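The values are calculated or read from the model by the stated rules, or taken from the named source; none is laboratory data. What you are looking at is a predicted structure, and each value in this text was computed from that prediction instead of being measured. Cβ placement follows ideal geometry from the backbone for every residue including glycine, while neighbour counts extend to all protein chains displayed.
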């Protein structure tokens, strides 16, 4: 059974803080690891995709790392802004393109 | 990235009726499409995988006779929720992959409410 766990479940921080969101997964057979953002009542926005052969990816203020041996990924958000408020989902990709999602971290950044 | 369009975005139906949700790849040929379901405050759960021209593969615990998936062309997959009940109310979202793609692209999702 594929299990993806995200910690913390919720996070509330003042604007400007640097954040770390954690994701762990079972079964070391991984094709890729993807981080998404979901706004209330909306679909998914892909943030970063790390292939199994890679260790990290960066996009603007976001940096995601992947450690297959320990079954962990982290999403680092630098200098958080109120617009970053959303639910962040971690998903483990299998060889066939299937994604197994964690329950997400609900982030609130207050001004 | 590639564009995937899902329709409708919201639908309300009466208990016992069927509702069809469409997922289209607009600028690429989708050899594989995936359907997910998300209950309130829960994660997205993979329901099934469909490959063009063949029967869908359902995840454990998903009723294939209740959730009919058709992937008859390289740009369209449909999910039909048959004899819908209030417990089927959920957010349904599709994703699609092309032959040489390394990731799937998501539609906007459909909020289904069964009354």
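If only one of A:66, A:33 is within 10 Å of the chain's Cα centre (by Cα) and either under 20 Å from residue B:102 (Cα atoms) or at pLDDT 95 or above (or both), which one is it?
Values: A:66 fails: within 10 Å of the chain's Cα centre (by Cα).
Going through A:66, A:33 in turn, the sole match is A:33.
Hey, any hits in the stretch A:62-73 for a residue that's more than 12 Å from chain B (Cβ to nearest Cβ) and in contact (Cβ under 8 Å) with a residue 60 or more places away in the chain?
Within the stretch A:62-73 (the criterion being more than 12 Å from chain B (Cβ to nearest Cβ) and in contact (Cβ under 8 Å) with a residue 60 or more places away in the chain), the answer is no, since none of the residues qualifies.
For (1) over 14 Å from residue B:110 (Cβ atoms); (2) surrounded by fewer than 19 Cβ atoms within 10 Å (Cβ to Cβ); (3) in contact with a helix residue (DSSP H, G or I) (Cβ under 7 Å, 6 or more places away or on another chain), each residue gets a yes or a no:
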{"residue": "B:9", "(1), (2), (3)": "no, yes, no"}
{"residue": "B:27", "(1), (2), (3)": "yes, yes, no"}
{"residue": "B:35", "(1), (2), (3)": "no, no, no"}
{"residue": "B:44", "(1), (2), (3)": "no, no, no"}
{"residue": "B:48", "(1), (2), (3)": "yes, no, no"}
{"residue": "B:59", "(1), (2), (3)": "yes, yes, no"}
{"residue": "B:64", "(1), (2), (3)": "yes, yes, no"}
{"residue": "B:67", "(1), (2), (3)": "no, no, no"}
{"residue": "B:71", "(1), (2), (3)": "yes, no, no"}
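Answer yes or no: is there a residue in the stretch A:21-28 that is within 12 Å of chain B (Cβ to nearest Cβ) and either surrounded by 13 or more Cβ atoms within 10 Å (Cβ to Cβ) or touching a strand residue (DSSP E or B) at 6+ places or on another chain (Cβ under 7 Å) (or both).
Pass one, the stretch A:21-28, residues within 12 Å of chain B (Cβ to nearest Cβ): A:23.
Applying the additional criterion that residues be either surrounded by 13 or more Cβ atoms within 10 Å (Cβ to Cβ) or touching a strand residue (DSSP E or B) at 6+ places or on another chain (Cβ under 7 Å) (or both) yields A:23.
For the stretch A:21-28, residues within 12 Å of chain B (Cβ to nearest Cβ) and either surrounded by 13 or more Cβ atoms within 10 Å (Cβ to Cβ) or touching a strand residue (DSSP E or B) at 6+ places or on another chain (Cβ under 7 Å) (or both): present.
Rundown of residues vs (1) within 13 Å of another protein chain (Cβ to nearest Cβ); (2) surrounded by fewer than 20 Cβ atoms within 10 Å (Cβ to Cβ); (3) under 24 Å from residue B:39 (Cβ atoms), yes/no style:
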residue	(1), (2), (3)
A:13	no, yes, no
A:36	yes, no, yes
A:41	yes, yes, yes
A:79	no, yes, no
A:94	yes, yes, yes
A:100	yes, no, yes
A:110	no, yes, no
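Could you name every one of the strands (runs of 3 or more DSSP E) located completely within the stretch B:15-101 that has at least 3 residues being within 14 Å of chain A (Cβ to nearest Cβ), in contact (Cβ under 8 Å) with a residue 40 or more places away in the chain and closer than 20 Å to residue A:2 by Cα? If you could, list the steps in order and put the result at the bottom.
Values: elements: B:19-25, B:32-38, B:44-51, B:67-73, B:76-81, B:90-97.
Filter on the stretch B:15-101 gives B:32-38, B:90-97.
Taking the options A:53, A:28, A:46, name whichever one is in contact (Cβ under 8 Å) with a residue 12 or more places away in the chain and farther than 27 Å from residue B:110 by Cα. Don't jump to the end; show me each part of the working.
Details: A:53 fails: in contact (Cβ under 8 Å) with a residue 12 or more places away in the chain; A:46 fails: farther than 27 Å from residue B:110 by Cα.
Going through A:53, A:28, A:46 in turn, just one is in contact (Cβ under 8 Å) with a residue 12 or more places away in the chain and farther than 27 Å from residue B:110 by Cα: A:28.
Does the stretch B:1-14 hold any residues that are outside any strand (DSSP E or B) and more than 14 Å from the chain's Cα centre (by Cα), and which are they?
Looking only at the stretch B:1-14, we keep the residues that are outside any strand (DSSP E or B), and these are B:1-3, B:8-9, B:14.
Result: B:1, B:2, B:3, B:14.
Examine the stretch B:50-64 for a residue that is on the phi > 0 side of the Ramachandran plot and over 13 Å from the mean Cα position of the chain (by Cα), and state whether such a residue exists.
First, the residues of the stretch B:50-64 that are on the phi > 0 side of the Ramachandran plot: B:53, B:61.
Adding the requirement that they be over 13 Å from the mean Cα position of the chain (by Cα) leaves B:53, B:61.
For the stretch B:50-64, residues on the phi > 0 side of the Ramachandran plot and over 13 Å from the mean Cα position of the chain (by Cα): present.
Determine, yes or no, whether residue A:84 is closer than 28 Å to residue B:40 by Cβ, more than 14 Å from chain B (Cβ to nearest Cβ) and surrounded by fewer than 18 Cβ atoms within 10 Å (Cβ to Cβ). Can you show your working first?
Values: closer than 28 Å to residue B:40 by Cβ: yes; more than 14 Å from chain B (Cβ to nearest Cβ): yes; surrounded by fewer than 18 Cβ atoms within 10 Å (Cβ to Cβ): no.
Here the answer is no, as residue A:84 does not meet what is asked.
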